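The values are calculated or read from the model by the stated rules, or taken from the named source; none is laboratory data. Remember, it's a predicted structure, so these values are computed and weren't measured experimentally. Here the Cβ is made from the backbone with ideal geometry for all residues, glycine too, and neighbour counts use every protein chain on show. To get the accessible areas, we keep the full protein, side chains included, count just its heavy atoms, and leave off ligands, DNA and RNA. Shrake-Rupley method; radii C 1.70, N 1.55, O 1.52, S 1.80 Å.
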Amino acid sequence: MSICPHCGGNACYEQQVSEEVTTSFCFGCGYTTSTLMTQGGDLVQKALGASPELYKDLMFVDENSKVWFPAIVTLPKKGMVFLDGTSKDSWRWASALAVEISEEEKAKFSKDQTHKMDMKSISHFEKEDFMEALYAIKFFDVEVVESE
Ligand SMILES: [Zn+2]
């Protein structure tokens, strides 16, 4: 864990995914970046083109010109955490739980999909409570489940 340049907390998790690429994910503020996300770089331009306005407004550039965005966390069988809001000053984290797709609904989904996000199960969390939102979808239990 290292210091997050965005929130100053010490819960920034860095992971080397290849020789050149390291990703950073802050459990404190929910922001994420990688060594490929440099200001003015192709990936950032692409992300900006595809992102809702709110993400653009919340973008953060650190002192090394790395560009950070709020994370969207998706665990297909558990749930997801995403940003929900209308403007830079008015947003919260939201979590939704995954539910099994019922027999009647199966036709509407692809064959290998077993779960869907239940938007009725949305809970909201304050900006500083990103971790709470992760707990809500049992994010930290994932490895246990996968090794079963
Ligand atoms: Zn942070």
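Considering only 41, 30, 79, give the residue with the highest GNM mean-square fluctuation for the chain, with springs between Cα atoms whenever their separation is below 10 Å.
41
May I ask you to give the solvent-accessible area per residue for the chain, in square angstrom, as obtained with a 1.4 angstrom probe?
63
Give the share of C-alpha pairs in each 5 angstrom bin for the chain, from 0 to the last occupied bin, in whole percents, shortest bins first.
2, 9, 15, 19, 19, 16, 11, 6, 2, 1, 0
Note down the net charge around residue 70, summing +1 for each Lys or Arg and -1 for each Asp or Glu among other residues with Cβ under 12 Å from its Cβ.
With Lys, Arg at +1 and Asp, Glu at -1, the neighbours total +2.
Rank 17, 99, 73 by mean-square fluctuation in a GNM of the chain with C-alpha springs under 10 angstrom and give only the top-ranked residue.
17
With all protein chains present, how much of the accessible area of the chain (probe radius 1.4 Å) comes from carbon and sulfur, to the nearest whole percent?
It is 50 percent, rounded to a whole number.
Could you pull out every one of the lysines with an alpha carbon less than 24 Å from that of residue 56, ignoring same-chain neighbours closer than 8 positions?
46, 66, 88, 127
Choose one of 67, 17, 28: the residue whose Cα lies farthest towards the positive end of the charge dipole of the chain (beta-carbon charges +1 Lys, Arg; -1 Asp, Glu; about the Cα centre).
About the Cα centre, the residue reaching furthest to the positive side is 67.
Pick from 33, 74, 86: which is most flexible by mean-square fluctuation in a GNM of the chain where alpha carbon atoms under 10 Å apart are linked?
In this elastic network of the chain, the residue with the biggest mean-square fluctuation among 33, 74, 86 is 86.
Net charge around residue 21, counting only other residues with Cβ within less than 13 Å of its Cβ (Lys, Arg = +1; Asp, Glu = -1)?
That works out to -2.
Please give me the summed charge of the neighbours of residue 5: other residues whose Cβ is under 10 Å from its Cβ, Lys and Arg +1, Asp and Glu -1.
Spelling it out: positives minus negatives among the neighbours equals -1.
What 222 nm value per residue comes from the helices of the chain, counting each DSSP H run with n ≥ 4 as -39,500 (n - 2.57) and dividing by all residues, nearest 500 deg cm²/dmol?
Mean residue ellipticity, 222 nm, calculated: -4500 deg cm²/dmol.
So what is the relative contact order for the chain, in percent, with contacts set as C-alpha pairs under 8 Å and at least six apart?
Reported as a whole number, the value is 17 percent.
Show the residues, 5+ positions off or on another chain, whose built amide H is closer than 5 Å to the amide H of residue 36.
Residues meeting the criterion, in which the H sits 1.01 Å from N, are 22.
Rounded to the nearest 20 debye, what is the charge dipole size of the chain about its Cα centre when +1 sits on each Lys and Arg Cβ and -1 on each Asp and Glu Cβ?
Roughly 380 debye, rounded to the nearest 20.
How about the range 27-135: which GluC sites (Glu not before Pro) there are in a DSSP loop, with at most 12 other Cβ atoms within 10 Å of their Cβ?
Passing both the DSSP loop test and the Cβ count: 63, 126.
Cα to Cα, under 27 Å, and not fewer than 8 places away if on the same chain: which lysines meet these conditions relative to residue 108?
77, 78, 116, 120, 138
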